[in-house]
Structures are given as structure tokens and as C-alpha cells.
Amino acid sequence: MIDEMPDVCPFCGATHDHFVAWDEAERTYRVTPYRVNEYVTQLLSVPRLGFEHAAYRIETKEGAVWIDCPSAFNRDLEPIEAIYFTHKDFMGASNQYRELWGAKVHLHALDAKIPIAKPFPVDRPFDSDFTERGIEAFHIGGHSPGFTLYIYRKVLFICDYAFPPGSQMRLNPFGPQQETRDQAARILEVISGRTLETVCGYNFITEFESWREDFKHLLTV
């Protein structure tokens, strides 16, 4: 969060005595890379920071970018040129990385208007699907008004629209439930006929074909 410390976190409900200032977090938490394939790396804070979530670094031909942003600010990470957000919940330390590297922040305009996101600088509040640097962006909505999934080459970036992978998969329970279910049909449309290999989520990496079957099954129950 940016600016004054609230008494209660508007995201998770934690009281202020659980908060950590960014400079303390930088000393304690290290954003650690885990290789997904030759062009995608998962980034996680070690040790786990609160509701820890993954961000992903993509090596594109036009330069390196992130999907979502780490919670912790580590100024010694390899720079990136842009940050593409799935939705407003995982903006992390994007304001600090933007200032450090001049990384351009992309977030759907509908999410940029939400109070928890308003303090964060957004360079491109987009309002439709687009393709940039070989990354395809598809506005889904549902879980959040501006929820956007991304596809790069053989990888689907789905964040937390549905989790965990496997037979226990469920749609994200936070947000409008009927709309989340209704808009899930758009996800199936987007991935239909694609020869993808990997799904990268907010705390998991899994094989695409089995994930798609579990996701399809989820929408029939």
C-alpha cells in the first residue's frame, strides 16, 4: 500500500501491527527466481511475505517485462521495461520498481478506478484486448472488473481466477460469484484450439492440458 498506514488492511483485513515498512521488507524478503522455461521465470519472495503471490518475468524479443509485480521491493533485481497486470490485487511494489527503472505500468481502466489501486501510478489504463511485445492480453472481467489474462508463446498467465490446479479447483471466491462463473466461458473461448504447454498462476505452475480439462469440468458442476 502507498501513503499512510491504515488501521486495517483493506485487502486482507490484517491489523496494522502486522504491517511491514518497505525498507524493512527489502532487508528481510528476497525476490527469488524460479525458472519455468527458457523465456519465463517465476518470482517469489523468500521467506513468504503475507499472502505471497507470484509474479512472472518474460524475456521477449523487445525486452524483459513482468506479469504482475512482486510484493517486496528489491532494487538489485534485473530491470524490466513494463509491468502488465492481471488485476488490481497484485500491484505489489510496482510504484517503486516504476520509479527505479521507468517501467511502464499496464492495468485495465476498470481496475485502475478501484480505491485500492488509485494510489498506484498507471501509465497505460487499457480498455480492450491488445497484443504487445508478442504478449496477447484478453480482458475477462468477473473476479475483478478489469481482470485480464495473458498468453505468451506456449504459456497462459491466469493468476488467481481459478485455483488450485487439479480436481479441487474452484473459481476465486472473492468478487461477484455469478459474474466470475459467467465470464469463465470467455476464458475457454480464448484458449480453445491453442497448443499451449504451461499455466502460470498466482501460486502454482502446472501443465496446460490437464488444467484446461479441470477448468472445463469446474464450469459444469
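For this structure, a couple of remarks:
- Each of 95, 9, 28 was placed along the dipole of segment 5-96 (beta-carbon charges, centred on the mean Cα), and the one lying farthest toward the positive end is 28.
- Rounded to the nearest 20 debye, dipole of segment 65-221 from Cβ charges on Lys, Arg, Asp, Glu: 180
- Placing R0 at 22 angstrom, the Cβ-Cβ distance between residue 81 and residue 153 gives a FRET efficiency of 0.80 after rounding to 0.05.
- Applying the Kirkwood pairwise sum to the alpha-carbon positions of segment 59-110 produces a hydrodynamic radius of 11.1 angstrom.
- Hydrodynamic radius of segment 1-97 per Kirkwood, over alpha carbon pairs, in Å: 14.1
- Stretch gain in nm, segment residue 11-residue 113, where the contour uses 0.36 nm per residue and the Cα spacing is subtracted: 35.2 nm
- Largest-first principal axis extents, alpha carbons of the chain, Å: 45, 39, 32
- Residues in the chain average 49 Å² of solvent-accessible surface per residue, probe 1.4 Å, ligands and nucleic acids excluded.
- The chain - share of DSSP beta bridges that are antiparallel (%, nearest 5): 75
- Site pair residue 190 and residue 128 shows an inter-label distance of 1.7 nm when each label is modelled 7 Å from Cα along Cα→Cβ.
- The angle separating the long axis of helix 177-191 from the principal Cα axis of greatest extent in the chain is about 70 degrees.
- For the chain, the relative contact order comes to 12 percent (Cα pairs under 8 Å, sequence separation of at least 6).
- Here the accessible area of the chain is 51 percent carbon and sulfur, with a 1.4 angstrom probe and all protein chains present.
- For segment 156-181 versus segment 1-26, the gap between their alpha-carbon centres in whole angstrom: 26
- Of the cross-linked pairs 88/118; 104/154; 88/216; 61/104, those separated by over 19 Å at the C-alpha level are 104/154; 88/216.
- Cα Rg, Dmax (largest Cα-Cα span) when computed across segment 67-151, Å: 12.1, 36
- Acute angle (nearest 10 degrees) that the helix 208-218 long axis makes with the longest principal axis of the chain, alpha-carbon atoms: 80
The values are calculated or read from the model by the stated rules, or taken from the named source; none is laboratory data. The structure presented is a predicted model; accordingly, all values stated were derived computationally and were not measured. Positions of Cβ are generated from backbone atoms using ideal geometry, with glycine treated the same way; all protein chains shown enter the neighbour counts. Each accessible area value is taken on the protein alone, full model and side chains, heavy atoms only, with ligands, DNA and RNA left out. Shrake-Rupley method; radii C 1.70, N 1.55, O 1.52, S 1.80 Å.
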